[in-house]
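Right, one structure below, let's go through it.
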Amino acid sequence: MNLLRVDRSPIRLFLFGLVGLLLMLGAVDVMWGNWVSTPPDTYNDEITSKGRNQRRSDYVWGAFMLAGGVGLFGYAVTSLIRRSPVLVLREDGIVIAVGPPGEEPVFVSWEAIDGVYCAAEKDPDGGPSRDVLVIDFIDPEGLPSEPWGASWDGNRLQIDTAGWEKPIGEVTIHAGIALEQAHRLATEEEMQDE
């Protein structure tokens, strides 16, 4: 049974799509419309040699803008339609999406986890610190050695939570309760076996 499911923020995905749409509109304007962008140089309604060079560079820039816009818009739409979770807390373990895009999320049972908590990670470039979900593993076998949106520090996985729809505090509380309950059940089973 799923205790908590965390998806990417739909608002953030909508904004990615909006930026992609604006890039596509800008590309059409630069390449053909010239409603906002500067048109190529002309003389007596004929394009000059400088204007032809400007038009070629406009086509190059417009192609890059169009490709970037289509990519962003496509990513946002498919992510909004498919809604794959970045993290799922279950009674028997945790499912985390730290592999490359398109790869299945990884399941880890609670027996392989020592602790789950949140922390603030400093930006190495001097920007504001960001929230991370920290998972201490007893044995990190089966997890990617180079995770996407996360980093390893020994047996500690630090997952960037920017863009999650649920606050990191809520995720940490639910994970702590599930981990504690799983450890208590494992201890009770060991006592019954003796």
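Couple of notes before you dig in:
- Highest-fluctuation residue, T172, T161, T42 considered, GNM on the chain with Cα pairs under 10 Å: T42
- Note on the chain: with a GNM built from Cα contacts shorter than 10 Å, the maximum mean-square fluctuation among S109, S84, S37 falls on S37.
- Cα gyration tensor shape of region 87-193, rounded if a/c is under 1.5, else prolate or oblate by comparing a/b with b/c: prolate
- In the elastic network of the chain, a GNM with C-alpha springs shorter than 10 Å, the most mobile of I11, I159, I135 is I11.
- Peptides 121-129, 174-182 ranked from most to least packed by the mean count of surrounding Cβ atoms within 10 Å: 174-182, 121-129.
- Cα centre as origin, Lys/Arg/Asp/Glu Cβ charges: the chain dipole, Debye: 1540 debye
- Computed [θ] at 222 nm, helices only, for the chain once each DSSP H run of length n ≥ 4 contributes -39500 (n - 2.57): -14500 deg cm²/dmol
- Dipole of region 87-193, positive end: most advanced residue of L89, P128, I159 [Cβ charges, Cα centre]: P128
- Centre-to-centre separation between the Cα atoms of region 126-191 and those of region 87-110: 10 Å.
- Calculated mean projected area of the Cα convex hull in nm² (choose from (1) 11.4; (2) 12.1; (3) 15.2), label: (3)
- In a DSSP loop and with at most 14 other Cβ atoms within 10 Å, the trypsin sites (Lys or Arg not before Pro) in region 18-103 are R83.
- Kyte-Doolittle mean at least 1.6 and Cα axial length at least 24 Å: DSSP H helices in the chain: 10-28
Any read-out appearing in this document is the output of simple, stated calculations on the displayed coordinates, not a laboratory observation. Please read these numbers as outputs of a predicted model, since none were measured by experiment. Note: ideal-geometry Cβ built from the backbone for every residue, glycine included; neighbour counts use all protein chains shown.
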